[in-house]
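Single-structure report; data block below.
Values in this text are rule-based calculations from the coordinates and carry no lab data. Quick caveat: nothing in here was measured; it's all calculated off a predicted structure.
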Amino acid sequence: MPIFRRIKIQATVETSALLLPEEQIAGTVDALRERLKELQLSIVSLEPTEPPAAALEVASDDPWSIHGQPTE
């Protein structure tokens, strides 16, 4: 007969840099929380960080830019 043990796994998850309006951030976090619930996971703590400046640069192939320069 197999022996069962109760275990708890703690993991760190990181998204790619997201550019969101302030009013949309809470909704995005709530959507993530709901998706994690479906997997029987939960958010224990949340630490927002600023992505490095290089992550904020516009790529030359970005469809929302003209020759690598952001459009307004």
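The Cα atoms of segment 1-52 cover 54, 24, 16 Å along the three principal axes, with the biggest extent listed first.
In order along segment 32-37, the phi-based Karplus estimate (6.51 cos²θ - 1.76 cosθ + 1.60, θ = phi - 60°) of 3J(HN,Hα) comes to 5, 4, 5, 5, 5, 4 Hz; Gly and Pro are listed as x. Compared with the alpha-carbon gap, the fully stretched path from Leu18 to Leu32 is longer by 3.7 nm at 0.36 nm per residue.
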